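The values are calculated or read from the model by the stated rules, or taken from the named source; none is laboratory data. Since the structure is predicted, the reported quantities are computational estimates derived from the model, not experimental observations. Note that we place each Cβ from the backbone using ideal geometry, even for glycine, and neighbour counts take in every protein chain shown. The area values use the complete protein model at the heavy-atom level, side chains included, leaving out ligands, DNA and RNA. Shrake-Rupley method; radii C 1.70, N 1.55, O 1.52, S 1.80 Å.
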Amino acid sequence: MLDEFLLAHAKPAQIVLIGMSMGGYFAPRAAAFEERIDGVVAYDTCYDFGAVAGPLLAAAKNPVAMKNIGVSWAYRNALWTMGTKDADETAKACATYTLAPVADRIRQDVLILAGTEDHFIPFHQTADFEKALVNARSVTTRIFDGPSGGAGHCQMGALTLYHAAVFDWLLEKFPASPGG
């Protein structure tokens with residue numbers, strides 16, 4: 001993707017990749033293997049997608065739980081997205097989406113955003129990700145709670161707070177050069 005972007009655009013002085021939701025897995029993973037990326041934002045943390053999907057896939061095996069539209073939709077969407085045929089095969093596919101084996105390869109500045117009441121990503125994944133970033137140039141974590149309005153998944157209740165956190169971090173880590 002970066003190669004395609006650079007075919008059509010001049011190389012920017014700094015490249016920061018922002019990943020939202022499942023992108024909180026994909027953006028850090030890309031940074032682990034791409035030296036041209038200077039910074040990465042995980043918005044929200046998605047350190048281990050297998051652990052995120054596990055409870056839902058377990059629930060999908062229960063016919064009563066499948067009457068819940070949230071469980072039913074998420075399960076069918078997971079089958080379609082992963083190209084799998086059942087809950088067990090889907091769980092196996094989702095388990096491969098973990099940053100554990102590659103987080104130590106991330107050498108960039110990292111911003112992690114998390115909500116204390118995220119209904120998708122278990123809150124402990126933020127600390128798990130922080131601990132695994134042993135070679136990152138810097139790690140900044142912003143936690144949003146209920147009173148702030150940003151406690152939900154990807155701070156949907158307070159996008160202004162998300163924007164302020166990201167832009168403040170960008171200004172701190174990647175200040176504009178004189179005349180630039």
Original post:
So what J values fall out for segment 160-176 if you push phi through Karplus, 6.51 cos²θ - 1.76 cosθ + 1.60 with θ = phi - 60°, rounded to Hz, Gly and Pro as x?
Top reply: 4, 5, 4, 4, 4, 4, 5, 5, 4, 5, 4, 5, 6, 7, 10, x, 5
Subject >> Shape category assigned to segment 42-148 from the gyration tensor of Cα positions, a/c cut at 1.5 >> reply: oblate
Original post:
Going by a ≥ b ≥ c, the root eigenvalues of the Cα gyration tensor, does segment 17-60 fall in the rounded group (a/c under 1.5), the prolate group (a/b larger than b/c) or the oblate group?
Top reply: prolate
**OP:** Could you work out how far apart the two model spin labels at GLU117 and GLU172 are, taking each label as a point 7 Å from the Cα in the direction of the beta carbon, and quote it in nm?
**Re:** 2.6
Subject >> Segment PHE33-ASN135, length gained on full extension (0.36 nm per residue, minus Cα span) >> reply: 35.4 nm
Subject >> Simple spin-label estimate for ALA127 and THR96 in nanometres, 7 Å along Cα-Cβ >> reply: 3.1
Original post:
How much accessible area per residue does segment 1-139 have, in Å², with a 1.4 Å probe?
Top reply: 54
Original post:
What list of ³J(HN,Hα) couplings, whole Hz, do you get for segment 131-137 from phi and the Karplus terms 6.51, -1.76, 1.60, once you set θ to phi - 60° and write x for glycine and proline?
Top reply: 5, 7, 7, 6, 10, 5, 4
Original post:
Counting only the heavy atoms of the protein chains, how much of GLU89 is accessible to a 1.4 Å probe, in Å² to the nearest 10?
Top reply: 70
Original post:
Within segment 92-114, what residues put their amide N at less than 19 Å from the label point 7 Å along the Cα-to-Cβ vector of SER148?
Top reply: 110-114
Subject >> Percent antiparallel among DSSP beta bridges (both partners in the chain, rounded to 5) >> reply: 5
**OP:** Round to the nearest 10 and report in Å² the accessible area of ARG76, as given by a 1.4 Å probe over the protein chains' heavy atoms.
**Re:** 140
Original post:
For the chain, which whole percent of the accessible surface, found with a 1.4 angstrom probe, sits on carbon and sulfur atoms?
Top reply: 60
Original post:
If you bin every alpha carbon distance in the chain into 10 Å steps from zero, what whole percent lands in each bin?
Top reply: 9, 33, 33, 19, 5, 1, 0
Subject >> Three-way shape label, segment 95-180, alpha-carbon gyration tensor, a/c 1.5 >> reply: oblate
Original post:
Per-residue accessible area for VAL16 at 1.4 Å probe radius, Å² rounded to 10?
Top reply: 40
**OP:** Please give, to one decimal in nm, the separation of the simple spin-label points placed at ALA13 and ARG76, each 7 Å out from Cα toward the Cβ.
**Re:** 5.1
Subject >> In sequence order, calculated HN-Hα J values of segment 6-23 (Karplus, 6.51, -1.76, 1.60; Hz; x Gly/Pro) >> reply: 6, 5, 9, 9, 5, 5, x, 4, 9, 10, 10, 9, 10, x, 9, 6, 4, x
Original post:
Just from its helices, what would the mean residue ellipticity at 222 nm be for the chain, if runs of 4 or more DSSP H residues each count -39500 (n - 2.57) and the sum is divided by every residue, rounded to the nearest 500 deg cm²/dmol?
Top reply: -13000 deg cm²/dmol
Original post:
Would you list THR126, THR141 from the most to the least accessible area, probe 1.4 Å?
Top reply: THR141, THR126
**OP:** Name the residues whose placed amide hydrogens come within less than 5 Å of the amide hydrogen of PHE144, ignoring near sequence neighbours (fewer than 5 apart) on the same chain.
**Re:** ALA114, GLY115, THR116
Original post:
Whose amide H sits under 5 Å from the amide H of VAL139, counting only residues 5 or more places off or on another chain, with H placed in the peptide plane?
Top reply: VAL110
Subject >> On Cα atoms only, tilt of 49-60 relative to the major axis of the chain in degrees >> reply: 20
Original post:
Which of these, PRO55, PRO101, PRO147, has the largest mean-square fluctuation under a Gaussian network model of the chain (Cα springs below 10 Å)?
Top reply: PRO147
